[in-house]
Number of protein chains: 2
Amino acid sequence: MSELKVKGFTISLDGFGAGMNQSLENPMGERAQTLHQWFFGTRTFQRMMGDESKGVAGPDEDFAARGFVNVGAWILGRNMFGPIRGPWLDDEWKGWWGEEPPYHVPVFVLTHHPRAPLEMKGGTTFYFVTDGIESAYAQARREANGRDVRLGGGVATIREYLRAGLIDEMHLAISPVLLGSGESLFAGLDLPSLGFRCIEHVPTESATHIVLRKN
Amino acid sequence: MSELKVKGFTISLDGFGAGMNQSLENPMGERAQTLHQWFFGTRTFQRMMGDESKGVAGPDEDFAARGFVNVGAWILGRNMFGPIRGPWLDDEWKGWWGEEPPYHVPVFVLTHHPRAPLEMKGGTTFYFVTDGIESAYAQARREANGRDVRLGGGVATIREYLRAGLIDEMHLAISPVLLGSGESLFAGLDLPSLGFRCIEHVPTESATHIVLRKN
């Protein structure tokens, strides 16, 4: 059955999902490059970059690969698709990933600005959803056709879906980095009360992987 | 040179140092027993309990043992010494640990209630400090005589010392447990801005050990 899952989402030791001062030059925010170090070394990431011979196997790779298994659609918050503001018209922006984004399935982007679907190379089509997170999930689920819907982030979007009780499972990677400020994934949320417990704990040299699942 | 160090302090995946509803029956708070699982299996802990044959070696043990190396004095917040309230007079309470506490050095307890020093078996003397955290550190440092002062917690006390810029190093163990509520160690504190970075990252099956040190 189709579930809503966060996969491969990285947070810092102090619980932040992205650094401050996000910008076009530095979309993940300050100090956040090191946050994703566990992922950059994997075969899965290097394959996305076009040269999997550079990537290594191991538990980091296993989690990276699992992130793309049985995924029938994605949901992204507005800032995951594009910068908060830029020198272009919204309709010119085609996402961070160039002509062939690494999704290869329908991607539902939460936004306040209506826009026609954007079909890219390789099977990715971006749909822009203006009527809220539940609608986005319903649409993504329909397109996923029994497979899972992967929620890509960012933090604010994950928190909205958590509060709405819609997330079934989250794989998080905790990186050995302090960010100090930014968007806190957990602040003010009581995950056990929302039904979550930690069902997997796989520490590696680069990150501590945890899987939190709703009972 | 004497430094102020937090050692072996355990937090949950969501950053809490203790569960809610602390009480005499459950001094660490709800769900917090599992929080300290990494420590209970170590030789150091089992030796404290009187039977080190039950404990195992390994990185968890290494960190547990380091917690007692070169420690010349301790500082404890009020609740680490005793329950918030109980059916006894304050002066009857001699701490959680019985006649021979596991400190074996002077221990400075932060409190609002003046009380004469309490000498226990095995070298532990509790001193009750009513004139604030800087005074407690000055007194502990003097007693430590060149060795380190270990700050035992709890969360509120560590946060006070962090804000005052007095902590040099923190070894934290992140346990694969969600607490959901309680006292958050990091909330609202910007550790990098306070000068800290992660200088050690040792993941085990039971916890992710990190050492945060001030530049």
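Nothing in this text is a laboratory measurement; each read-out follows from the coordinates by a stated rule. Not measured: the values here are computed from a predicted model. All Cβ positions, even for glycine, are placed from backbone atoms using ideal geometry, and neighbour counts span all protein chains on display.
Rounded to whole Å, how close does chain B get to the rotation axis onto A by Cβ? Give me the residue too, please?
B:PRO203, 1
Taking the Cα of B:LYS121, stepping 7 Å toward and past its beta carbon, and measuring to each backbone N in the range B:91-106: which are under 13 Å?
Once the point is set 7 Å along Cα→Cβ of B:LYS121, B:97-102 turn out to lie under 13 Å by backbone N, inside the range B:91-106.
Could you give the alpha-carbon Rg of the range A:64-215 over 2.2 N^0.38 Å, rounded to two decimals?
Cα Rg divided by the expected 2.2 N^0.38 Å: 1.09.
Could you compute the longest span of chain B free of GluC sites (Glu not before Pro) located in DSSP loops and having at most 16 other Cβ atoms within 10 Å, not counting the site residues?
Here the longest run is B:100-204.
By a straight-distance test (C-alpha under 27 Å), which lysines pair with B:LYS121 as possible cross-link partners, with residues fewer than eight away in the same chain excluded?
B:LYS5, B:LYS7, B:LYS54, B:LYS94
Taking every residue in B:6-12, how many Cβ atoms of other protein chains lie within 10 Å of its Cβ, on average?
That average works out to 1.
Would you mind checking which residues have amide H under 5 Å from A:GLU183's amide H? H placed 1.01 Å from N; only 5 or more apart, or other chain.
A:GLY17, A:ALA18
Summing -39500 (n - 2.57) over the DSSP H runs of n ≥ 4 in chain B and dividing by its residue number, what mean residue ellipticity at 222 nm do you reach, to the nearest 500 deg cm²/dmol?
The helix-only estimate for chain B comes to -5000 deg cm²/dmol at 222 nm.
I need the phi-derived Karplus couplings for the range B:109-126: 6.51 cos²θ - 1.76 cosθ + 1.60, θ = phi - 60°, integer Hz, Gly and Pro marked x.
9, 6, 7, 9, 10, x, 7, 5, x, 10, 8, 10, 5, x, x, 7, 10, 8
Taking Rh as the Kirkwood radius computed over C-alpha pairs, what is the Stokes-Einstein D of the protein assembly as shown at 4 °C in a medium of viscosity 1.567 mPa s, expressed in µm² per second?
The estimated diffusion coefficient comes to 55 µm²/s.
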